[in-house]
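The values are calculated or read from the model by the stated rules, or taken from the named source; none is laboratory data. Here the structure is a predicted model, which is why all the values come from computation and not from measurement. Cβ: placed from backbone, ideal geometry, glycine included. Neighbour counts: every protein chain shown.
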């Protein structure tokens, strides 16, 4: 049975405050972001990606990155991450109290050029420098390997290409890496093969996955990933997120809705430590402040209990 191949628990990391808000035109106030963070912590999250150090001219949504980090409540066992697109952003992040820096390294050269105005080779070099500076400051670094399996306006990415980049980021001295399904067109088989490759090549490194949902496979890709040994899963409240330059309807460009991922995991007997009702409070608050409704089935269709308690119309 499939459930026999799954672990008893899975770690989930919410990236809505970063990847989610990056795709939202409305610039939320720092207070609203911190209220979302409070809700995530109350729901049971222990690791949250809370901001980005992209240039404010490019992503004004994160002009308050330093203020969000300074205002984030501190509790034992809670880790805050921030994404950086380049060395300049990394140095800004290192100057804050952020716990972990996530640096993006796409495999696809055109994605790297359009998103970060650099080549993958240049970004790998910047990653090595970032690791050196971050470790001196007592911070962890995760390499986000973007377009790990499929690239928009290109198609499939070869497993040999992924293998080469995984070796490079390991040589750079990162503390962890994750495989990003950037386009949302990835399949469970691709995630399974990617995780298996990483666990063979770099068994000393924790390996996560970052889930998008253009083809609707996000939650299933989560199952395939943890069955293959992934150490954590990343998704976003309400399914917000996505690359602003990708073609397609916004409703399918976002992250996998975290509420659907958690709902599926729980239905398969995999614990997450997340209180779904409290998490749905976060989703509802996000809908209020962004003006964008959740794309998740759980938010729109309700829980099993909701449907069981429903009354037939007269």
Report, ordered by the first and then the second residue, all pairs with beta carbons closer than 7 Å, sequence separation of six or more or different chains, a first member in the range 106-125 that is at pLDDT below 95, and a second member that is in a helix (DSSP H, G or I) and loosely packed, with under 15 Cβ neighbours inside 10 Å. none
Report yes if some residue within the range 182-195 is under 22 Å from residue 130 (Cβ atoms) and touching a strand residue (DSSP E or B) at 6+ places or on another chain (Cβ under 8 Å); otherwise report no. yes
Scan the range 188-200 and tell me whether some residue there is outside any strand (DSSP E or B), more than 12 Å from the chain's Cα centre (by Cα), surrounded by fewer than 24 Cβ atoms within 10 Å (Cβ to Cβ) and on the phi > 0 side of the Ramachandran plot. no
Kindly indicate whether any position in the range 239-252 is touching a strand residue (DSSP E or B) at 6+ places or on another chain (Cβ under 7 Å), part of a helix (DSSP H, G or I) and surrounded by 23 or more Cβ atoms within 10 Å (Cβ to Cβ). yes
Given the criteria touching a helix residue (DSSP H, G or I) at 6+ places or on another chain (Cβ under 6 Å), surrounded by 18 or more Cβ atoms within 10 Å (Cβ to Cβ), at pLDDT below 95 and over 18 Å from residue 22 (Cβ atoms), does residue 151 qualify? yes
Pick from the range 253-281 the residues that are in a strand (DSSP E or B) and crowded, with 24+ Cβ neighbours inside 10 Å: which of them is modelled with the highest pLDDT? 257
If I go through the range 18-67 residue by residue, how many of them are assigned to a helix (DSSP H, G or I) and either touching a strand residue (DSSP E or B) at 6+ places or on another chain (Cβ under 6 Å) or touching a residue at least 12 places away in the same chain (Cβ under 8 Å) (or both)? 24
Considering the range 155-184 alone, what residues qualify as being part of a loop (DSSP other than H, G, I, E, B) and on the phi < 0 side of the Ramachandran plot? 157, 158, 172, 174, 175, 181, 182, 183
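Here's the yes/no breakdown for (1) over 15 Å from the mean Cα position of the chain (by Cα); (2) modelled with pLDDT of 95 or more; (3) assigned to a loop (DSSP other than H, G, I, E, B):
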{"residue": "203", "(1), (2), (3)": "yes, yes, yes"}
{"residue": "215", "(1), (2), (3)": "yes, no, yes"}
{"residue": "220", "(1), (2), (3)": "yes, yes, no"}
{"residue": "225", "(1), (2), (3)": "no, yes, no"}
{"residue": "229", "(1), (2), (3)": "yes, yes, yes"}
{"residue": "235", "(1), (2), (3)": "no, yes, no"}
Kindly check whether there is at least one residue in the range 135-146 that is assigned to a helix (DSSP H, G or I), surrounded by fewer than 18 Cβ atoms within 10 Å (Cβ to Cβ), at pLDDT 95 or above and touching a strand residue (DSSP E or B) at 6+ places or on another chain (Cβ under 9 Å). yes
